[in-house]
1. Once you compute Rg and the Kirkwood Rh from C-alpha atoms, what is the Rg to Rh ratio for segment 33-83?
2. Identify, among TRP337, THR191, SER110, the residue whose Cα sits farthest towards the positive end of the charge dipole of the chain, taking +1 on the Cβ of Lys and Arg and -1 on the Cβ of Asp and Glu, with the dipole about the Cα centre.
3. Which Cα, out of GLN291, GLY177, PHE250, lies furthest along the positive dipole direction of the chain (beta carbon charges, K/R +1, D/E -1)?
4. Just the ratio, please: alpha-carbon radius of gyration of segment 130-215 over 2.2 N^0.38 Å, N its number of residues.
5. How would you order 282-288, 401-407 from highest to lowest mean count of nearby Cβ atoms within 10 Å?
6. With a cut-off of at most 15 other beta carbons within 10 Å, and DSSP calling the residue loop, which GluC sites (Glu not before Pro) in segment 139-217 qualify? Please list them.
7. Would you work out which of SER260, LEU92, ALA415 lies farthest towards the positive end of the dipole of the chain, given +1 charges on the beta-carbon of Lys and Arg and -1 on that of Asp and Glu, about the Cα centre?
8. Relative to the present Cα-Cα distance, how much length would full extension add between ALA441 and ALA252 at 0.36 nm per residue of separation?
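Nothing in this text is a laboratory measurement; each read-out follows from the coordinates by a stated rule. The model shown is predicted, which means the values in this text are computed figures rather than measured ones. Here Cβ is always computed from backbone atoms with ideal geometry, including for glycine, and neighbour counts include all displayed protein chains.
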Amino acid sequence: MTNKARSSLDRRSLLRGAGATAGAAMLLPTAVRAQGGRRPFEGVTLNVSCWNGPYPRFLADYIPEFEAASGAKVNYDTPAFPVYNQRADLELSTGGSAFDVLNVTFIYSSRWIRAGWLTPLDGFINDRQRTPANWDGADFLSGLTASMRDQQGRLHGVPWIADTFMAGTPRSDLIAGTGLRMPETFDEVRTLCQRLKGSSGVSPFITENNYGWTFIPWLQGFGGNVFRAPPDDLFPTLDSPEAVQAAELFTALLREHSPSGVISMNYDQVTQLLKQGRAAYSPNGLPYLMQMAASDSRVAQTSAFSMMPAGPKGRFPGVGVHGWGIPAGARNKDAAWAFIQWSLSKELVERMLSEKKYTSVTRRSVIDGAEFKKQMTVNGQDLSPLYRQTIDLAASGYMSYRTVPQFPPLNRIIAIAIEEMVSGQSSARDAMKRANESAIAELRRSGTKL
């Protein structure tokens, strides 16, 4: 790991004694386990990078076990989401060898895979000298691995997260005091925020400023979409009447009912405000919402959850999938695969579930287990059915807008439009019209046929 990552870790405490190291060794491929006292990847330096989310942060605590068992040194880098994506896209596009393991970011998965910038993993998974049968690659939910496959069906990333978009409150006591429930519809969100406005020190509404993610469930709930009929028809439709209506409601919630400066708040900042009980209701990714119930949260006893509310045209919660992949130019592919195999083994996923309360898991066997239900029960509410229902809804195909290679530049165009509306610089109609014009121009520059 890098010095930055190591600074907050006590290596001796993380090893958890010889038992943990021995356990990590058993998770390494049979053919490369230590023989004659020599560790299999002695002298190898693995360069691993991912954006800074809950799972990557939790994984840092276990990496010394992998290092001790494998002999490899792991340089582990976890920058912020936009910084990571910029670096990874540049590195992959130039065919570089600076990294051995990289996160396959959901919105870039199609671009990176179609371009041949990632190594197909089926050969590693099906090789019993590299991967024991009980590692069970088929255990990962097929709805999550789909975005990691190419047109031939080859897998290029193993998912470590199902980032389900749900809704939560750190202050169920305040909501109960209004006589209302957790909102099931957009109209109920509006009503709740109006009732809660003026509550001392508490903003009614908050969500993170990655608006190409947090706005889209509202857009689709009104019947709109980013493109006309993705993945085949990519003509932008950000200026449709449905898109304008969605933008009007969404930006009103941010402008009138959210904390000052909300458009500058990323997922970590929003999470901290929720854990402090300074916001009452948040549609957001489950990995962040679940931290409201963590031991260091001030509102653990008053947290509650629900599905993403439905709009006039239905319920469209986002499901984001990120996975570990091996760049085509990586120099240490066997060691890289050993790292991926170890980090997503059933044993380590189950440990992260029980020890770190990491619930956005991707293995069916873990999701179906008793420990998952236990960890997903918060203040008497079992969230596991909500988790499964959200994943099942997304399997219908409405997330296809997000995995086409043309989406990433539109992600920023959408964000600019939302920021203009929230800050009062533009009306919804004008901002979304400009956004659509910019999207058309961007797609034509990239050679997309419209």
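1. Details: Rg = 13.0 Å, Rh = 11.9 Å.
Using only Cα positions, Rg/Rh for segment 33-83 is 1.09.
2. TRP337
3. About the Cα centre, the residue reaching furthest to the positive side is GLN291.
4. Numbers: Rg = 20.4 Å, N = 86, 2.2 N^0.38 = 12.0 Å.
That ratio works out to 1.71.
5. On the way: 282-288: 24.6, 401-407: 21.6.
Order by mean packing, descending: 282-288, 401-407.
6. Numbers: sites: GLU184, GLU188, GLU208; in loops: GLU184, GLU208.
Those satisfying the criteria are GLU184.
7. It is LEU92.
8. Details: separation 189, 0.36 × 189 = 68.04 nm, distance 2.80 nm.
Result for the pair: 65.2 nm of gain on full extension.
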